[in-house]
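The values are calculated or read from the model by the stated rules, or taken from the named source; none is laboratory data. Note that the structure is a prediction, hence the values are computed from the model and not measured. Every residue, glycine among them, receives a Cβ derived from its backbone with ideal geometry; neighbour counts consider all protein chains shown. When the accessible area is computed, the model is the full protein with side chains, heavy atoms only, and any ligands, DNA or RNA have been set aside. Shrake-Rupley method; radii C 1.70, N 1.55, O 1.52, S 1.80 Å.
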Amino acid sequence: MLHSTKSIGLFRSFWVMVLVFLLMACSAPSNSSSTSDTGGASPSASPASESTQDGNETTSVPGSESTSPLAQLPQLQGDATVVLQVNGKTITLAINGKDAPITAGNFIDLVDQKVYDGTAFHRVVRTPSPFVVQGGDPQSKDPNFPVQQLGTGSYIDPETKQARYLPLEILPEGAEQAIYSKTFKSAGESKPPKLRHTRGAVAMARSQLPDSASAQFYFALDDVDFLDGNYAVFGSVTEGMEVVDQIQQGDRIESAKVTAGIENLKR
């Protein structure tokens, strides 16, 4: 039976909303005070920025004030290369510190600290269409950690014993400065992001609050442009996308290593 164009459009819109909800619900910090119906959690506040709880205040730009929370976060001032070993095969990532210095700096810092070694990919969504492969939850290093709770973990700084959260950082195309702590919709930005959710893009997962990304990241399995302006892309797969396509839920990152550009990381 043939469906009308309107019906097909409504069906696609329904799945888009479902997929976005799933991405947010399972990327929330573990030390939050409330829990969603899906088992994810939502932070009551985001310590990584000076934004209000609903993310409506813009965080100051990197380096503008030595006391700014952004100035306390790692930054990647240039590019870097990361090589992941998954199922005995190699995935090479180009990390873009020029257009996403804080998001990229956080990732490179965590790779360098071996935070991702041994972590599992807890979410793989390929139906009804290719969507994302998500991992990086530090809790997944423990093989006995409840599977249903994966997707709620954050990186805990060993010095401060506090979770590290990032401001949402997205650079509009043609702009010199990124928008911080706001989605493009809430900021009234009509231009597309410079770094987009094309197949192979690497981006940070987060909960409903803009400034709640920490350690979890995902690969885009296809062009998923409906995520543009809502999540921070910071790199892309340059080699081994066929390995990403074969990742199954529960597969682990055997190792992650910065093979070039570590000198661009400023802590």
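For the stretch 197-267, count all C-alpha to C-alpha pairs, find those more than 14 Å apart, and express that count as a whole percent of the total.
In whole percent, the share of Cα-Cα pairs in the stretch 197-267 beyond 14 Å is 69.
Sort 210-219, 126-135 for me by packing, meaning the mean count of neighbouring Cβ atoms within 10 Å per residue, highest on top.
210-219, 126-135
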Share of accessible surface on carbon and sulfur in the stretch 140-267, whole %, 1.4 Å probe and ligands ignored, is 45
Residues whose built amide H sits under 5 Å from the amide H of Tyr180, excluding neighbours closer than 5 in sequence, are Thr59
Apply the Karplus curve 6.51 cos²θ - 1.76 cosθ + 1.60, θ = phi - 60°, to the phi angles in the stretch 166-171 and return the couplings in whole Hz, x for Gly and Pro.
10, x, 4, 10, 9, 8
Here is the link list: Lys185/Lys266; Lys185/Lys257; Lys141/Lys182; Lys98/Lys257. Which ones come out longer than 28 Å on Cα distance?
Lys185/Lys266; Lys185/Lys257; Lys141/Lys182
Bounding extents of the stretch 90-134 in its principal axis frame from Cα atoms, largest first in Å, are 34, 27, 19
By the gyration tensor of its Cα atoms, with a ≥ b ≥ c the square roots of the eigenvalues, what is the shape of the stretch 114-214: rounded for a/c under 1.5, prolate for a/b over b/c, or oblate?
oblate
On alpha carbon coordinates alone, what is the Rg over Rh value for the stretch 191-231, Rh being the Kirkwood radius?
0.95
At what distance in angstrom do the alpha carbon centres of the stretch 211-265 and the stretch 134-155 lie from each other?
16
